[in-house]
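**Student:** Quick one: this structure, given as structure tokens, is what I'll be asking you about.
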Amino acid sequence: MYTMLHSESAREDKEQVLSEVSRNGTLLYLAAPHLQADKDVVLAALRQNGWAIRFAARELRQDEEVWITAMQQTSMSQRSFGIQMPVTWFSEQCLVQAMAISAMEFQHASAELRSNKQLVLRLMESNPRLFKYVHPTLRGDQDVLMVVLKGRPGSFHGVCNESSIPWIVRANKQLVLAAVASYGADLRYASKV
């Protein structure tokens, strides 16, 4: 593919680079380092090709707007790019965008997000298997457990084993009834009390 970015002066010219990466995002690799660190240039490249994130400056690969743009354009999660930054999702918006691509991205959420009860309940409505990544402070929460038990038939035994307070779960009448309603055989794990 022909590009004007083969000359040193073109690689340094922001307008020229913007024009080129808007047509072919991966040409970001030819841009001068200071333009690979320019958020406007990087976002223009990502809007054309999310894979261009590989050529963005390291500090921009830690920017959530950059990640969201790359993920939206490619429908791939952060881990799919082979770049391990950021190691955790910091904002709800970025986490939700990542989870739209791969629900397992929840495991990489910050502790703050994994302990946000309203967010956890909303996300677990569509994927109760996320329970194993829920922050320990919410593992014994009745509302969280109720979502798991209603959404995953046969999960009562697993919840009792994963929960840090299994005796409370097994003795909780509402939780036992919810578990048994979705999978009758779960009654065998209920407390005898």
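The values are calculated or read from the model by the stated rules, or taken from the named source; none is laboratory data. All figures in this text were calculated on a predicted structure; none of them were measured in a lab. Every residue, glycine among them, receives a Cβ derived from its backbone with ideal geometry; neighbour counts consider all protein chains shown. What goes into the accessible areas is simple: the full protein's heavy atoms, side chains included, and nothing from ligands, DNA or RNA. Shrake-Rupley method; radii C 1.70, N 1.55, O 1.52, S 1.80 Å.
**Student:** Here is a check on your reading of the model: is Leu18 touching a residue at least 24 places away in the same chain (Cβ under 8 Å) and open to solvent by less than 10 Å² (accessible area, probe 1.4 Å)?
**Tutor:** On the way: touching a residue at least 24 places away in the same chain (Cβ under 8 Å): yes; open to solvent by less than 10 Å² (accessible area, probe 1.4 Å): no.
Criteria not met by Leu18.
**Student:** Please go through region 87-111 and give me each residue that is open to solvent by 10 Å² or more (accessible area, probe 1.4 Å) and at pLDDT below 70, ordered by number.
**Tutor:** So in region 87-111, the residues open to solvent by 10 Å² or more (accessible area, probe 1.4 Å) come out as 87-88, 90-93, 96-97, 99-104, 107-108, 110-111.
Of everything in region 87-111, those that are open to solvent by 10 Å² or more (accessible area, probe 1.4 Å) and at pLDDT below 70 turn out to be Val87, Thr88, Phe90, Ile101.
**Student:** Next question. Is there any pair linking a residue in region 98-112 that is β-branched (Val, Ile, Thr) to one that is surrounded by 15 or more Cβ atoms within 10 Å (Cβ to Cβ) and part of a loop (DSSP other than H, G, I, E, B), with Cβ under 7 Å and at least six apart or on different chains, and which?
**Tutor:** Filtered contacts from region 98-112: Ile101/Met76; Ile101/Ser77.
**Student:** Further, regarding this structure: Is at least one residue of region 29-39 basic (Lys, Arg) and modelled with pLDDT of 95 or more?
**Tutor:** So the first thing to find is which residues in region 29-39 are basic (Lys, Arg), and the list is 39.
Right, trim to modelled with pLDDT of 95 or more and you get 39.
Checked region 29-39: at least one residue is basic (Lys, Arg) and modelled with pLDDT of 95 or more.
**Student:** Another question, then. Filter region 90-120 down to the residues that are under 9 Å from the mean Cα position of the chain (by Cα), more than 16 Å from Ala70 (Cβ to Cβ) and not in a helix (DSSP H, G or I) and list them by number.
**Tutor:** Ala109
**Student:** Mind counting the residues in region 44-72 that are closer than 12 Å to Leu18 by Cβ and open to solvent by 10 Å² or more (accessible area, probe 1.4 Å)?
**Tutor:** Taking region 44-72 first, the residues closer than 12 Å to Leu18 by Cβ are 44-45, 47-48.
With the extra rule that they be open to solvent by 10 Å² or more (accessible area, probe 1.4 Å), the set shrinks to 44, 47-48.
Number of matching residues: 3.
**Student:** Which of the residues spanning region 104-123 are farther than 14 Å from Leu138 by Cα and in contact with an Asp or Glu (Cβ under 8 Å, 6 or more places away or on another chain)?
**Tutor:** Once the filter is applied, which keeps residues that are farther than 14 Å from Leu138 by Cα and in contact with an Asp or Glu (Cβ under 8 Å, 6 or more places away or on another chain), region 104-123 yields nothing.
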